[in-house]
1. Using C-alpha positions alone, give me the convex hull volume of the chain per residue in cubic angstrom.
2. Within the chain, which is the longest segment containing none of the GluC sites (Glu not before Pro) that sit in a DSSP loop and have at most 13 other Cβ atoms within 10 Å?
3. Which order results if Thr6, Thr120 are arranged by neighbouring Cβ count within 10 Å, fewest first?
4. How do Cys98, Cys104, Cys82 rank when sorted from fewest to most other Cβ atoms within 10 Å of their own Cβ?
5. Mind checking which lysines have their C-alpha under 29 Å from Lys111, skipping anything on the same chain fewer than 8 residues away?
6. State to the nearest 20 debye the size of the charge dipole of the chain about its Cα centre, where the only charges are +1 on K and R beta carbons and -1 on D and E beta carbons.
Amino acid sequence: MSPVRTIRQLPSLSRLMKAEGGVYARTALDQAAAVQAAHRDAHLILIDEALGWMGEWRELLEPSASDWEALHEASAGIIGLCDGKADAHLLRASRLLCEYVDRCRHGTWSKDVAALFINTLKAIAARDADPATRAAVLGGLEALVPRPDPGTST
């Protein structure tokens, strides 16, 4: 009978960390921030276009499931274009809208609630209110997002 050999292999994350040619997390974040800043003006234009389309979405009499999906995609697009520091409130409101659409997938959407989210996004993007007011309004929006039951999985 031959002896048992144990072969230990490094986890793939350990191998990646030890591989040459990588960058430190701080360097990667700095590079990402530089790219974000370089494209800031184009991103603001795209955010304005998405908000304009959302304004048209409010005019739909009875949004279909595909209309709701398009609203979700527009909100997700805003998330991808936001600067984490400069647009923190807009980013949070967009995430809440996506969460609202996700959690109400079984046809329990309310067009009035969606219009409230869209109006809030537009007001936050216009920077009409001070940060404390924006934070309070976002707290109210969070209350509109249905929370899953602790006993069910989502």
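Just so you know, all these numbers are worked out from the coordinates, no wet-lab data involved. Small disclaimer: the values here were computed from a predicted structure and weren't measured. We place every Cβ from the backbone using ideal geometry, glycine too, and count neighbours over all the protein chains shown.
1. Working: hull volume 33.6 nm³, N = 154.
Hull volume normalised by residue count: 218 Å³.
2. Details: sites that count: Glu20, Glu59.
It works out to 60-154.
3. Values: Thr6 4, Thr120 21.
If I rank by nearby Cβ atoms, fewest first, I get Thr6, Thr120.
4. Details: Cys98 20, Cys104 16, Cys82 23.
Going from least to most buried by this count: Cys104, Cys98, Cys82.
5. Lys122
6. Numbers: 17 positive and 20 negative charges, 220 e Å.
I would put it at about 1060 debye.
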